[in-house]
Amino acid sequence: MFMEAGANGSISVGDDGYSYSGGAFAGIGVGVEGTYSYGVGGVTMTSGAGVSSGWEVGGEYSEHATYKDGVVSFGMSGELAFLLGVKFDFKLEIDVAEFTDSMRDVADFLENDFANFFENDVIDFAEDVGSALNPSNWW
């Protein structure tokens, strides 16, 4: 359960990037929200959503794009309500060094391991299938 009233706004531009937010909201109600985060190879995505109900009205929005300490980050969130409310949140972070290392690992796999697998195992399998399907090898 929540009760709130207020307005806000901010803008920030600097060496690391930019961010801005703004909105106004008033009301009382109940809500539920959830967040999910997944990361692999230096890339992390976080998303969330929520709903609310009650005597509420307003809207809020924020956005950012930054680069700091080797991490690129993009994100946005917002909320809109008139008796019923919806909320969303999305953020993408890329650790440049970790992502680059992961891409090198993928390139190495494709260049060496996958190529060797294709050269040796797949070609051997195809030759075995061809031999098995040749009627002169059946007797």
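Throughout, read-outs are computed from the coordinates displayed, never taken from laboratory work. None of these values were measured; they are calculated from a predicted model. All Cβ positions, even for glycine, are placed from backbone atoms using ideal geometry, and neighbour counts span all protein chains on display.
Measure nothing but the geometry: give the 0 to 90° angle between the long axis through the Cα atoms of 123-133 and the longest principal axis through the Cα atoms of the chain, rounded to 10°.
Long axis of 123-133 versus the principal axis of the chain: about 60 degrees.
By the scheme Lys and Arg +1, Asp and Glu -1, what is the net charge of all other residues having a beta-carbon under 12 Å from that of Ala26?
Every neighbour counted, the sum reads -3.
Ranked highest first by the average count of other Cβ atoms within 10 Å around their residues, in what order do 109-116, 14-21, 87-94 fall?
Descending mean neighbour count gives 87-94, 14-21, 109-116.
Which value, in debye to the nearest 20, gives the size of the charge dipole of the chain about its Cα centre, when Lys and Arg are +1 and Asp and Glu are -1 at the Cβ? List each step's numbers first, then the result.
Details: 4 positive and 23 negative charges, 179 e Å.
The dipole of the chain has a size of about 860 debye.
Do the sum for the chain: with -39,500 (n - 2.57) for every DSSP H run of n ≥ 4, divided by all residues, what is the mean residue ellipticity at 222 nm, to the nearest 500 deg cm²/dmol? Write out the running numbers ahead of the final one.
Details: 3 runs with 28 residues, N = 139.
It comes out at -6000 deg cm²/dmol, rounded to the nearest 500.
Of the listed values (i) 1.86; (ii) 1.07; (iii) 1.35, grab the one calculated as Cα Rg over 2.2 N^0.38 Å from the structure here.
Step by step, Cα Rg over 2.2 N^0.38 Å for this structure corresponds to label (i).
How big is the shadow of the Cα convex hull of the stretch 57-118, averaged over all directions, in nm²?
6.6
Once phi is turned into θ = phi - 60°, what whole-Hz ³J(HN,Hα) does the Karplus curve with 6.51, -1.76 and 1.60 give for every residue of the stretch 107-115, x standing for Gly and Pro?
So the J values, rounded to whole Hz, are 4, 5, 4, 5, 6, 10, 4, 5, 4.
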